[in-house]
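First the structure, in the form of structure tokens, and then the observations on it.
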Amino acid sequence: MSMKASATLAIIVSLATLLAFAGLIPLGRWHDEYLALHDYHQGGVGFLWERLLHWSPRPLSELLIYFYSLTVYHVGLPLIGAFIAPFWILLVAAILWPVLRGRQGLLPACVLLAMLLLGHPVAEVFYWPFGVVAYLPTLTAAAMLLALDWGGWMETPTGNIWRFVALTTAAASSEVGALFTVLYIGLLIASGSLEKARRSLIFAIPLLLSLALLYLQYTGRVAKGNEVFGDPAVAHHPGKALLAVGNHMFFNLLRGDNRHHAAALLAGLATKLLFLAGAYRAMSARRQDDTSPRAQRMRMVLVVASLATAILIMAAALYNFGSLCCERHDTMRQGYVLVALGSLATYLAIRSPSRRAHRAGPLLLLALLIPLATAAPRLMTEYRDYATVRRASSETWQSGRAAGPSMQVTQTMPGPIVGGLRIEPGVYHRIAQANDDVHWMLPFFDKEAAIVTAPINAPHDAKAPQHGATSAPGKQ
């Protein structure tokens with residue numbers, strides 16, 4: 001296969017991967033949405049204000065959740081796909097628009113899109129509505145900073161405006177985005193990479209917003225200290241949390257999506273090195289227009305800010321929970337590592353361009369095929385059970401909306417990509433202090449009891465009742 005053909009094939013495989021994962025959007029599921037949307041319906045703007053000040057200081061994502069709750073109660077449907085899909089479109093546009101407009105960088109941009117979905121769990125960031133609204137705009141912002149560079153917008157006024165939009169969006173969406181924004185802008189200032197002109201003053205907005213939101217998060221939800229489900233000797237002990245990061249850092253930043261420790265590390269390391277080498281060669285072939293020392297400093301700022309954010313995500317989880325909660329944090333760590341590798345590859349390509357730029361295609365194609373080998377069977381399983389999962393979700397919703405004091409929860413097995421819960425079949429009654437999906441459903445649908453079926457798509461020997469339930473993504 002020629003080098004040009006392999007590059008074309010890498011783009012085709014990337015876009016096909018994106019479409020395959022996007023096709024699963026309608027399988028997204030609620031978890032604590034039942035609780036929060038019910039509380040929004042009952043408390044209105046007052047509940048929004050309460051969450052912003054004391055639980056979830058994420059002004060953009062919380063405002064979107066508020067409007068989502070209004071729409072759900074008005075229409076009488078969960079609208080999961082309709083709510084999630086725009087965030088996917090935003091991600092695709094943020095990565096592809098700069099390179100298409102700049103007419104360069106399309107190959108690594110397409111591969112980056114696919115790799116954000118490969119090699120790690122994605123359910124909580126890409127298919128869980130509350131996770132999507134907070135974390136996908138955050139990830140999109142970091143990826144857009146890289147795509148602006150790849151498209152040649154690094155030092156243009158237009159690029160500056162979009163950089164401001166991306167950072168403000170990240171800051172207002174989640175505490176992870178606020179942390180990244182503080183690190184990124186702080187490093188820009190420290191390295192002298194901000195322009196002297198007045199237009200750089202606009203970056204004070206996302207910086208101050210991030211600092212304010214991080215303060216609210218620390219003095220509110222974190223200070224309560226009621227989410228420790230890991231090691232209490234580590235939780236809320238800064239020194240021990242940082243030491244614990246050292247034990248987890250190497251594996252959790254480099255690993256792939258494999259159940260076996262050694263295989264996961266080997267696959268992840270190989271994939272990331274191939275992506276770095278492929279992006280380096282791809283960027284060596286681009287127009288050498290952003291070669292100034294300032295542009296190079298900005299690339300290294302993105303590298304350091306992304307890696308520091310990935311590491312501090314672990315430190316924050318260990319400090320607040322006493323363990324590396326949660327899947328969404330893992331997804332974000334892997335995303336930031338990919339952004340860092342992409343920016344590092346560009347820095348190296350500008351500093352010392354490769355004479356073998358035409359070999360970018362085979363390297364990036366191989367970087368895709370390694371995690372695809374694991375993802376492909378999981379995609380097949382999801383599509384095999386597609387109709388069953390959709391039918392079960394519809395039956396549960398219709399039963400909840402029907403008249404009467406009880407409802408039936410038609411259960412399916414958790415999807416290998418989209419996720420979900422495994423709940424012990426049986427009868428559940430409404431209680432005051434609810435802390436799981438079934439008990440959150442009851443007040444949402446105004447029911448007194450729920451009958452949970454065995455998973456209708458489970459193997460015959462797996463339908464027997466099992467004690468306990470798979471944990472939910474976590475209260476947002």
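List the trypsin sites (Lys or Arg not before Pro) within segment 182-225 that DSSP assigns to loop and that have no more than 16 neighbouring Cβ atoms inside 10 Å.
Sites meeting the loop and neighbour criteria: LYS196.
Sorted fewest first by neighbouring Cβ atoms within 10 angstrom, VAL133, VAL339 come out as VAL133, VAL339.
In sequence order, segment 199-207 has phi-based couplings of 5, 6, 5, 5, 6, 5, 5, x, 5 Hz under the Karplus curve 6.51 cos²θ - 1.76 cosθ + 1.60, θ = phi - 60°, and Gly or Pro positions carry x.
Computed from label points 7 Å out along Cα-Cβ, the spacing between LEU243 and THR291 is 5.0 nm. Taking 0.36 nm per residue of separation and subtracting the current Cα-Cα distance, fully stretching the chain between ILE189 and ALA5 would add 62.0 nm. The calculated FRET efficiency for the pair ASP231 and ARG103, based on their C-beta separation and a Förster distance of 45 Å, comes to about 0.30.
Measuring from each cysteine beta-carbon in the chain, the ones with no other cysteine beta-carbon under 4.7 angstrom are CYS110. The candidate values were (1) 204; (2) 130; (3) 150; the one computed from these coordinates for volume of the Cα convex hull per residue in Å³ carries the label (3).
None of the figures in this text is laboratory data; all of them are computed from the coordinates on show. Computed from a predicted model, the values in this text were never measured in an experiment. Glycine gets a Cβ as well: all are built from the backbone with ideal geometry, and neighbour counts include every protein chain shown.
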